[in-house]
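First the structure, in the form of C-alpha cells, and then the observations on it.
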Amino acid sequence: MTTAEDILSRHLVWDTHSGMFPAAGADLAGLAAYRRAGVGHVALCVGFDALPWSAAIETLSDYRRALRDDPDIALVSTVAEVEAARAAGRMAVSFDIEGAEALNGDPGMVAVYRALGVNQMLLAYNLNTLAAGGCHDFDDGLTPFGRQVVAEMNRAGMIVDATHMGYRSAAEVLEISASPVIFSHSNPRAVWDHERNIPDDLIRACADQGGVVGINGIGIFLGPNVDDAESFVRHITHVADLVGPDHVALGFDWVPPSRNLPDLSEIVAQRPDFWPRGKGYDAKPIRMVAPSALPQIVGLLIARGWDEPALAALLGGNMMRVARASWGG
Ligand SMILES: [Zn+2]
C-alpha cells in the first residue's frame with residue numbers, strides 16, 4: 001500500500017507562498033523547516049503594500065546575498081532550475097511581491113523585479129492600489145495602470161496572482177491575463193466565510209483559465225482560528241470537487257520561526273488599516289497549519305481515495321504546469 005511518506009518522497013512539493021514578513025536583515029534560518037518538511041520549492045515574499053516600494057529592493061538585495069551561498073538552497077527563475085535543484089537535493093526558492101505599490105507607479109519595474117527573481121506578484125494587498133482593488137476595500141476593478149501591469153507581467157514571464165484582491169479586480173485579471181492566473185494562498189469562501197476567501201465562481205473562472213488555487217494554512221481563513229490538518233483538507237477537497245485536482249495547490253502562508261521578526265499577531269495589530277478589526281485578525285495567537293503537517297494531509301487525502309497522480313498534481317505538478325506556462329524554461 002502506498003503511504004503518505006512514499007508519495008512525499010516521490011513528488012515535488014511546491015509551496016506557493018511563505019508568510020514570513022519581508023525585511024532586510026531578517027533571520028532566514030527558519031527556511032530550513034520547509035526543507036525538513038520535504039518542500040522542494042517555496043516562494044518567499046520580499047514586499048507588500050504596507051511597506052515603501054524601496055523596501056522590496058532592500059529585501060531582495062539582502063535575501064539574494066544571504067541565500068546565494070547556502071548549500072541547501074537554489075534561487076530559481078525557471079522550471080528547469082526547479083528540477084535541477086530537486087535533482088541536487090536543494091530546495092528551490094523564488095520570490096514574490098504582494099501588491100503593486102512596490103512598482104512605484106512604473107510598469108517597467110515588473111521586468112526589473114523579474115530579472116531579480118521575483119516570479120509572482122499580486123496587484124493589491126487587501127486595500128486598493130494604483131492598479132487594482134483589495135478584498136477589504138471597495139473594489140472598483142482594475143485601473144488602466146493595472147491592465148498595463150498585467151500585460152507587463154505576461155510579457156516578463158511573471159505569474160499573475162489574484163490573492164488578496166477584491167472580487168471584481170480578480171475577475172478582470174482572470175479575463176485579461178494571457179497566462180494562467182493563480183490564487184497563491186486563498187481559501188474557498190463556501191467552506192469558511194471570510195472576506196479574504198474566494199467564492200466558487202472565481203475558483204471556476206480560475207480553473208477555466210488554466211490556473212490553480214493554493215490552499216492557505218492560516219487558521220482564521222480555514223475556520224474559527226483552527227490549525228488541524230482535517231480543516232486544511234476540507235478546503236482542498238472543496239476546490240478539487242468543484243474544479244478537479246488539477247486546479248488546487250498548496251499555499252501554506254506559514255510563518256517560520258525567526259529570531260528577529262515580530263510575531264504574526266503583533267504585526268497585524270500594528271496595521272488595522274490592512275488587517276481590519278472584527279475579521280479575526282485580533283486572534284492571539286493566530287494559528288497556522290505548517291508544511292510539517294504534510295504527511296497527515298496526504299494521509300487524509302489517501303483515505304478519501306485520492307490516487308497518486310492527483311496527489312502529485314496537488315503537491316507540485318499543477319504549479320509546475322503554471323510556471324512552465326508563465327516563466328518558460
Ligand atoms: Zn498574503
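The values are calculated or read from the model by the stated rules, or taken from the named source; none is laboratory data. Since this is a predicted model, take the numbers as computed values, not measurements. As a convention, Cβ positions derive from the backbone with ideal geometry for all residues, glycine included, and neighbour counts pool all protein chains shown. For the accessible areas, the whole protein counts, side chains as well, though only heavy atoms, and no ligand, DNA or RNA atoms are used. Shrake-Rupley method; radii C 1.70, N 1.55, O 1.52, S 1.80 Å.
Looking at (1) away from the ligand (no atom under 16 Å from the Cβ); (2) in a helix (DSSP H, G or I); (3) of a type outside the set (Ser, Thr, Tyr); (4) over 16 Å from residue 250 (Cβ atoms), which one does residue 25 not meet, given that it meets all the others?
With (1) away from the ligand (no atom under 16 Å from the Cβ); (2) in a helix (DSSP H, G or I); (3) of a type outside the set (Ser, Thr, Tyr); (4) over 16 Å from residue 250 (Cβ atoms) applied to residue 25, the lone miss is (2).
Taking segment 195-250 as the region of interest, how many residues are part of a loop (DSSP other than H, G, I, E, B), under 21 Å from residue 18 (Cβ atoms) and of a type in the set (Gly, Ala, Ser)?
2
Can you name the residue in segment 251-288 that is assigned to a helix (DSSP H, G or I) and free of Cβ contacts under 8 Å to residues at least 60 places away in the same chain and, of all such residues, is farthest from residue 225 (Cα to Cα)?
The extreme case among them is 270.
What is the residue count in segment 89-108 for residues that are farther than 18 Å from residue 18 by Cα and without any contact (Cβ under 8 Å) to a residue 24 or more places away in the chain?
2
Mind listing whichever residues of segment 213-225 are away from the ligand (no atom under 16 Å from the Cβ) and closer than 21 Å to residue 319 by Cα?
The answer is none; no residue qualifies.
Given the structure, is residue 299 open to solvent by 20 Å² or more (accessible area, probe 1.4 Å) and in contact (Cβ under 8 Å) with a residue 40 or more places away in the chain?
Spelling it out, residue 299 is indeed open to solvent by 20 Å² or more (accessible area, probe 1.4 Å) and in contact (Cβ under 8 Å) with a residue 40 or more places away in the chain.
Can you confirm whether residue 247 is more than 16 Å from the ligand (Cβ to nearest atom), open to solvent by 20 Å² or more (accessible area, probe 1.4 Å) and touching a Cys at 6+ places or on another chain (Cβ under 9 Å)?
For residue 247, the condition - more than 16 Å from the ligand (Cβ to nearest atom), open to solvent by 20 Å² or more (accessible area, probe 1.4 Å) and touching a Cys at 6+ places or on another chain (Cβ under 9 Å) - is met.
Restricting attention to segment 67-106, which residues are hydrophobic (A, V, I, L, M, F, W, C), touching a Ser or Thr at 6+ places or on another chain (Cβ under 8 Å) and part of a strand (DSSP E or B)?
Within segment 67-106, just 75 meets the criteria.
Keeping to segment 116-147, report how many residues are away from the ligand (no atom under 14 Å from the Cβ) and not in a loop (DSSP other than H, G, I, E, B).
6
Quick check: is even one residue across segment 210-219 more than 18 Å from the chain's Cα centre (by Cα) and within 27 Å of residue 94 (Cα to Cα)?
Checked against the condition, which is being more than 18 Å from the chain's Cα centre (by Cα) and within 27 Å of residue 94 (Cα to Cα), segment 210-219 yields no hits at all.
Rundown of residues vs (1) surrounded by 24 or more Cβ atoms within 10 Å (Cβ to Cβ); (2) under 13 Å from the mean Cα position of the chain (by Cα); (3) not in a helix (DSSP H, G or I), yes/no style:
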residue	(1), (2), (3)
149	yes, no, no
152	no, no, no
155	no, no, no
160	yes, yes, yes
163	yes, yes, yes
169	yes, no, no
174	no, no, no
178	no, no, yes
182	yes, yes, yes
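Outside any strand (DSSP E or B), touching a strand residue (DSSP E or B) at 6+ places or on another chain (Cβ under 9 Å) and open to solvent by 10 Å² or more (accessible area, probe 1.4 Å): does that describe residue 113?
So residue 113 does not fit the description; no.
Going by what's in this entry, would residue 41 be described as within 26 Å of residue 212 (Cβ to Cβ), at pLDDT 95 or above and within 16 Å of the ligand (Cβ to nearest atom)?
no
Considering only segment 44-66, I want to know if a residue exists there that is open to solvent by 10 Å² or more (accessible area, probe 1.4 Å), under 30 Å from residue 311 (Cα atoms), more than 16 Å from the ligand (Cβ to nearest atom) and not in a loop (DSSP other than H, G, I, E, B).
No, the conditions are met nowhere in segment 44-66.
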